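To start, the structure itself, in structure tokens.
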Amino acid sequence: MASSPAPPSRRVVVCGGGVVGACTAYFLSTHAASPTVPTLVEKSAPACAASGKAGGFLALDWSDSTPALSALARASFSLHGRLAAALDGANAYGFRPVNTLSICLPSQPPAEPASPHPLLPSWVDPSASTAPPRVLGTPDTTAQVHPGLFTKAVLAASGAEVVIGEVERVVVREGRVVGVEVKGRGVVEADAVVLALGPWSGRFELVKEVFDVSGLKAHSIVLRPRNPDKITPHCLFLSYQPEPGAKMLDPEVYPRPTGEVYICGMSKDEDVPDDPATIVGEPDSIAMLHKIAGRVSSQLKTEEGAELVAEQACYLPCTNDGLPVIGEMPGVKGCYVATGHSCWGILNAPATGAALAELILDGQAKIVDLAPFSPARFLKKKSRRGV
């Protein structure tokens, strides 16, 4: 009996070289039944925006209060472990389990030296905690990656052809995607297009007509302490009031196995600029992060020998209802979107990419139910508002 002809290969273009685009490319190319190596189009460079400047913190169960997000986060946390095993994540991009603590940072240094609490890591100054630290996560439930290195490792493993160029529009004929138009290169033909450009996804007319995605500007600094070998794998979530009556801040401190320490926590709503390469941090926010770093540990004071590695900012993609948008765009066959992951983009990128690969190649996502994340949900809300 003659064998049935092989199914035609699919031409997939992924727009966006961040962590979601990279993971989508990886799971497309490693799909068990229909491995499909995509073309990935990126305006600047892979991991040039939030995917290169985020913290890289991973949590198994921190989204459990929202069932849809819980399923996505738990599936993705598991995939991170599998990816680390497959890609030598510990060496390639700093994957490791971590302890996670909550610490209340005093507004002013205490007059008398404090006694160290047994839960407090040795590199954290005893005076950095006004109350006993609380355990938020253990090595079974929290972990970390270096987000930029993770994004680049996954993208390289996908084998995707990376095209540096700006996608100007999605080309649609008779309600179906046929490609994307890249500035200076013309149309790149495709049977399926994935828009994974973070807050820049909202620049496309076909996205703007359905939902809004905004940018939350987040600041961070990266320091190399005097004695990096003394910094243990403890991620710290802080509560800090700079002065009485001031707004409470929620900074975060992530030591990395590279010997660097990442500190973030100053954010604000702001319009996203056209070019990610032009994003810079605001001096007041950067100065506050340095002040917080010094309060946490003398190891993190630049005036006492800590080396400044980076002062930076990025934009986290946010939606009106707080859920990411993952799925096929209504009314445009073959056009898929993945954005709006806010501060959990690094965590949730693997399950997002795996689900999209299944949706594109199998017609249905199995790893996680994408119905709560469908862009079509916004059509119902607009209809109720009479828009």
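Subtracting the Cα-Cα distance of ASP212 and ALA310 from their residue separation scaled by 0.36 nm leaves 32.2 nm. Take every DSSP beta bridge whose two residues both sit in the chain; close to 70 percent of them are antiparallel.
Ranked by the mean number of other Cβ atoms within 10 Å per residue, highest first, peptides 156-166, 15-25, 278-288 order as 15-25, 156-166, 278-288. Per residue, the chain reaches -7500 deg cm²/dmol at 222 nm when only DSSP H runs of four or more residues are counted, each adding -39500 (n - 2.57).
Kirkwood analysis of the range 93-192, using all unique Cα-Cα pairs, places the hydrodynamic radius at 18.7 Å. Under a model in which nothing but the beta-carbon of Lys, Arg (+1) and Asp, Glu (-1) is charged, the range 299-383 shows a dipole of about 660 debye around its Cα centre. In this structure, LYS230 and SER70 have a Cβ-Cβ separation that, at R0 = 45 Å, corresponds to a calculated FRET efficiency of about 0.80. Pairwise alpha-carbon distances in the range 147-202 exceed 17 Å for 50% of all pairs. Roughly what % antiparallel, to the nearest 5, for the DSSP beta bridges in the range 11-164? Here the share of antiparallel DSSP bridges comes out near 55 percent.
When the range 1-147 is described by a simple charge dipole with +1 on each Lys and Arg Cβ and -1 on each Asp and Glu Cβ, the residue from THR138, PRO35, PRO110 located farthest towards its positive end is PRO35.
Note on ALA277 and VAL187: with the Förster distance fixed at 30 Å, the Cβ-Cβ geometry gives a FRET efficiency of about 0.75. Ellipsoid fit via the Cα gyration tensor, the chain: semi-axes of 39, 22, 19 Å, each the root of five times an eigenvalue, largest first. Using only Cα coordinates, the Kirkwood hydrodynamic radius of the range 8-154 works out to 17.9 Å. A convex hull fitted around the alpha carbon atoms of the range 337-383 yields 80 Å³ per residue.
Other residues with beta-carbon under 14 Å from the beta-carbon of GLU303 carry, at +1 per Lys or Arg and -1 per Asp or Glu, a net charge of +2. Go through the range 231-340 and name the trypsin sites (Lys or Arg not before Pro) that are in a DSSP coil and have 13 or fewer other Cβ atoms within 10 Å of their Cβ. Of the trypsin sites (Lys or Arg not before Pro), the ones in loops of the range 231-340 whose Cβ has at most 13 other Cβ atoms within 10 Å are LYS247. The listed peptides 44-51, 147-154, ordered by packing as a protection proxy, come out as 147-154, 44-51 (highest mean of other Cβ atoms within 10 Å first).
Would any residue of the range 251-284 have its amide N under 19 Å from a label point 7 Å out along Cα→Cβ of LYS291? List them or say none. Those under the cut-off are 251-253, 263-268, 281-284. One chain, two ends: GLN241 and LEU119. Fully extended at 0.36 nm per residue, the span grows by 41.7 nm beyond their Cα-Cα distance.
A convex hull fitted to the Cα coordinates of the range 174-324 yields 172 cubic angstrom per residue. For the chain, a crude dipole built from +1 on the beta carbon of Lys and Arg and -1 on the beta carbon of Asp and Glu, taken about the Cα centre, is about 700 debye to the nearest 20. Computed over protein heavy atoms with a 1.4 Å probe, the accessible surface of the chain works out to 44 Å² per residue.
Peptides 32-38, 240-246 ordered by packing proxy, namely the average of other Cβ atoms within 10 Å per residue, highest first: 32-38, 240-246. When a 1.4 Å probe is rolled over the protein heavy atoms, the share of accessible surface on the range 236-387 that falls to carbon and sulfur comes to 50 percent. Think of the chain as a dipole: +1 on every Lys or Arg Cβ, -1 on every Asp or Glu Cβ, centred on the Cα centre; then among LEU58, VAL163, PHE373, PHE373 lies furthest on the positive end. Charge dipole of the range 134-204 (Cα centre as origin; +1 on each Lys and Arg Cβ, -1 on each Asp and Glu Cβ, all else neutral): 220 debye, rounded to the nearest 20.
The values are calculated or read from the model by the stated rules, or taken from the named source; none is laboratory data. These numbers come from a predicted model, not from an experiment. As a convention, Cβ positions derive from the backbone with ideal geometry for all residues, glycine included, and neighbour counts pool all protein chains shown. Only protein heavy atoms, including side chains, enter the accessible area calculation; ligands, DNA and RNA are left aside. Shrake-Rupley method; radii C 1.70, N 1.55, O 1.52, S 1.80 Å.
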